[in-house]
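Below is one structure; the comments refer to it alone.
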Amino acid sequence: MFRVRVHKIESIRDLDGNLGKRIELIEERQIPRFIVRPKTEEAKVVQDVLQAVQQQIPMFPVKRQFATPKIILFLTEQEYESLDINFDVNQIYEITLENQTARFTKTA
């Protein structure tokens, strides 16, 4: 099982001219935070100052995530409707691969 986020949904036409959708799903992973301790006293002071500034003025998000392309679906309108999933951009799904099937479960 792995988690994906709907990154992009585009309208497309297949080779026969039929309308469809291109749905790009990217993998969601938490990046572990590594605490790097500088060796010199000057570097420690700089690190402490940067941490204090980040707490006062959040420039970078605290929750870091790493996303890589995982699945791109090319579906005709009929295929999309028969899949019976309404994909929304930024919606997160858990995907279970089992017995030659892929099961999408929408997360809260």
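The values are calculated or read from the model by the stated rules, or taken from the named source; none is laboratory data. Small disclaimer: the values here were computed from a predicted structure and weren't measured. Note: ideal-geometry Cβ built from the backbone for every residue, glycine included; neighbour counts use all protein chains shown.
Side notes on the structure shown:
- Just one of the listed residues (ILE72, ILE85, ILE95) is under 22 Å from ASP14 (Cβ atoms), in a strand (DSSP E or B) and at pLDDT 90 or above, namely ILE72.
- Extreme residue, farthest from THR101 (Cα to Cα), among residues of the range 68-84 that are more than 23 Å from the chain's Cα centre (by Cα) and among the hydroxyl-bearing types (Ser, Thr, Tyr): THR76
- Single residue of the range 15-45 satisfying the filter (surrounded by 12 or more Cβ atoms within 10 Å (Cβ to Cβ) and charged (D, E, K, R)) that is modelled with the lowest pLDDT: ARG29
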